[in-house]
Amino acid sequence: MTVYLVGAGPGDPGLLTVRGAEVLARADVVIYDRLSVASLLELAPPDAERISVGKAPGGEGVSQDDINALLIERGRAGGTVVRLKGGDPFVFARGGEEAAALLGAGVPFEVVPGVTSAVAVPAYAGVPLTQRGLATSFTVVTGHEDPWAATETDWDAVARVGGTIVILMGVATRAEIARRLVAAGLDGATPAVAVQWGTRPEQITVRTTLAGLGDAAVAAPATIVIGAVAGLDLAWFEHRPLFGRRVVVTRPAGQASGLSRRLRSVGAEVLEVPSIEITEAADGGAAMLAASASAARYDWVVFTSANAVGRFLSLLPDARDLGPAKVAAVGSATAEELANWRVVADLVPQEFVAEALLAAFPDGPGRILLPQAAGARDVLSSGLRDKGWDVDVVEAYRTEPVPIPPSLAEAARQADAIAFTSSSAVTSYLEAAGRDAIPPVVACIGPVTAATARRLGLDVTAEAVTHDLDGLVAALIRALAPSAERGDPGK
Ligand code: SAH
């Protein structure tokens with residue numbers, strides 16, 4: 001039994017430490033604050049208990065005494081308890097009080113430091129806290145003073161240090177702080193930067209001066225930086241091509257990550273709204289099992305999706321059970337999944353659609369095994385038969401529509417774009433969420449998906465040139481950030 005006081009970082013889920021991810025992955029209980037990022041909670045096992053102790057602005061929260069008591073109680077109950085705190089647990093986060101309470105109660109605890117917003121948020125705004133010739137120190141100070149606390153900030157001293165001043169929790173008091181710093185001798189023209197929701201897709205940076213800070217339009221949570229370094233503008237985060245854009249990803253849960261990761265890395269905010277799920281074949285996989293047992297009797301095994309690859313190859317006790325059978329993949333993602341199983345595709349068409357695979361395929365005779373989704377188009381099977389092949393089609397899996405909660409559909413409607421990677425995703429999305437839940441830009445991975453979308457009345461504004469996830473992301477960038485295409489870093 002151990003209670004881990006874990007720093008979650010300032011918001012970007014990538015800024016959680018490896019150690020933090022490791023303890024979260026084996027947590028039995030996660031006790032988290034309001035500002036915690038949902039995707040970090042997903043790192044905990046699905047059955048881990050999740051307890052929110054955060055208070056909404058102006059709302060009821062759990063008192064620190066009650067949080068301490070909860071940590072002690074859960075710690076004593078055994079298992080792995082993770083207390084997830086924004087930024088670093090020992091920087092303005094009352095982690096010290098929690099550690100002291102645990103120590104007093106004899107409950108073992110460990111501290112997993114986090115990336116503090118004091119350092120990371122300025123970095124994401126392109127402001128280095130120290131810089132040769134500009135600042136040799138930085139002072140991190142709270143703008144929110146507890147009237148009952150014995151300690152009080154000596155703003156005259158802070159001004160005299162002469163380095164960079166970083167203020168957390170200072171939005172409400174910024175005008176008064178600026179006044180005190182000027183009274184202490186700082187020049188009103190000293191550069192200042194306020195960064196709201198730093199490191200998150202909603203990040204807003206306001207560049208001003210000490211004199212202008214009080215009137216700067218900024219809301220909490222924000223990190224304020226005052227000093228010569230605040231005059232530097234090495235911004236990069238907000239210049240990524242899809243920064244500030246929200247994209248709906250409709251891939252099945254568990255498969256969304258590849259597309260979501262790519263979109264986030266170019267700055268987009270991703271809203272995952274799975275419209276289909278992958279389920280077992282209707283016969284429970286019996287036909288696949290039988291086909292896999294006789295795989296070596298085929299001349300070719302043809303895969304039209306990564307799903308089919310995974311389902312088929314997981315049934316082979318030994319990769320060599322494929323025997324002399326050659327392997328074809330419809331596109332790069334399917335070929336990559338084959339490579340994950342250490343099988344190199346013998347044939348991948350130039351264009352990642354069934355028609356192109358068919359065109360590239362040699363003529364029969366011979367035997368082909370085609371494991372594919374229930375209800376898949378029959379272009380490939382009938383085309384291969386026309387080419388003289390004997391084709392056994394086996395149902396590898398089914399795609400089932402999943403319901404979309406109204407709140408998610410509403411959030412999707414307000415997004416900038418939606419990305420579809422299959423016809424079934426389009427059909428199911430429209431059935432579950434309706435036309436109203438379609439944002440202005442509709443992006444499709446290829447001509448088949450786009451044709452389905454058009455047939456259902458959607459205006460497809462972005463179509464991938466290469467029919468894979470990278471091609472889809474490129475199409476979204478063309479549609480949403482045309483200036484980035486011209487090499488203009490500003491949106
Ligand atoms: N332990 C945290 C700080 C908690 S105090 C840490 O080490 O980062 C909360 C204050 O942190 C907020 O009022 C704000 O000043 C700052 N803060 C936290 N997350 C932030 C974010 N994403 N962007 C800007 N400031 C943030």
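The values are calculated or read from the model by the stated rules, or taken from the named source; none is laboratory data. As the structure is a prediction and not an experimental result, all values here were calculated from the model. Every residue, glycine as well, gets a Cβ built from its backbone with ideal geometry; the counts of neighbours run over all protein chains shown. SASA here: full protein model, heavy atoms, side chains in, ligands and nucleic acids out. Shrake-Rupley method; radii C 1.70, N 1.55, O 1.52, S 1.80 Å.
Scanning the range 1-13 for residues that are more than 13 Å from the ligand (Cβ to nearest atom) and either basic (Lys, Arg) or in contact with a Lys or Arg (Cβ under 9 Å, 6 or more places away or on another chain) (or both) yields a total of 3. Scanning the range 11-55 for residues that are more than 21 Å from Gly254 (Cα to Cα), at pLDDT below 95 and assigned to a loop (DSSP other than H, G, I, E, B) returns Gly11, Asp33, Arg34, Leu35, Ser36, Val53, Gly54, Lys55. Residue count for the range 70-98, restricted to those that are away from the ligand (no atom under 16 Å from the Cβ), among the aliphatic types (A, V, I, L, M) and under 26 Å from Pro10 (Cβ atoms): 3. Please verify whether the range 99-108 includes one or more residues that are within 13 Å of the ligand (Cβ to nearest atom) and touching a residue at least 40 places away in the same chain (Cβ under 8 Å). The answer is no, given that none of the residues of the range 99-108 is within 13 Å of the ligand (Cβ to nearest atom) and touching a residue at least 40 places away in the same chain (Cβ under 8 Å). Taking the range 353-402 as the range and being under 15 Å from Ala306 (Cα atoms) and of a type in the set (Asp, Glu) as the test, only Glu395 passes. Each residue in the range 114-139 was checked for being open to solvent by less than 20 Å² (accessible area, probe 1.4 Å) and either more than 11 Å from the ligand (Cβ to nearest atom) or farther than 23 Å from Ala8 by Cβ (or both), and 4 pass.
Selection of the range 197-247 for residues being more than 14 Å from the ligand (Cβ to nearest atom), closer than 29 Å to Arg262 by Cβ and either assigned to a loop (DSSP other than H, G, I, E, B) or β-branched (Val, Ile, Thr) (or both) yields Asp233, Leu234, Ala235, Trp236, Arg240, Pro241, Leu242, Phe243, Gly244, Arg245, Val247.
Tell me, which residue of the range 14-56 that is among the charged types (D, E, K, R) and either closer than 19 Å to Arg261 by Cα or more than 14 Å from the ligand (Cβ to nearest atom) (or both) is surrounded by the most Cβ atoms within 10 Å (Cβ to Cβ)?
Here the residue is Asp28.
Taken over the range 415-451, the residue count meeting the criterion of being open to solvent by 10 Å² or more (accessible area, probe 1.4 Å) and touching a Leu at 6+ places or on another chain (Cβ under 9 Å) is 9. Based on this model, can you work out whether Leu186 counts as aliphatic (A, V, I, L, M), away from the ligand (no atom under 16 Å from the Cβ) and touching a residue at least 12 places away in the same chain (Cβ under 8 Å)? Yes; evaluated as a whole, the condition is true for this residue.
Can you tell me which residues in the range 120-149 are over 18 Å from Glu238 (Cβ atoms), of a type in the set (A, V, I, L, M, F, W, C) and modelled with pLDDT of 95 or more? Break it down into steps so the answer makes sense when it comes.
At the first step, the residues of the range 120-149 found to be over 18 Å from Glu238 (Cβ atoms) are 129-149.
After this cut, where a residue has to be of a type in the set (A, V, I, L, M, F, W, C) as well, the list is 129, 134-135, 138, 140-141, 148-149.
Result: Leu129, Leu134, Ala135, Phe138, Val140, Val141.
Of all residues in the range 1-13, how many are farther than 19 Å from Thr116 by Cβ and surrounded by 15 or more Cβ atoms within 10 Å (Cβ to Cβ)? Before you say what the answer is, go through the steps one by one.
At the first step, the residues of the range 1-13 found to be farther than 19 Å from Thr116 by Cβ are 1-3.
Still in the list and also surrounded by 15 or more Cβ atoms within 10 Å (Cβ to Cβ): 2-3.
Selection size over the range 1-13: 2.
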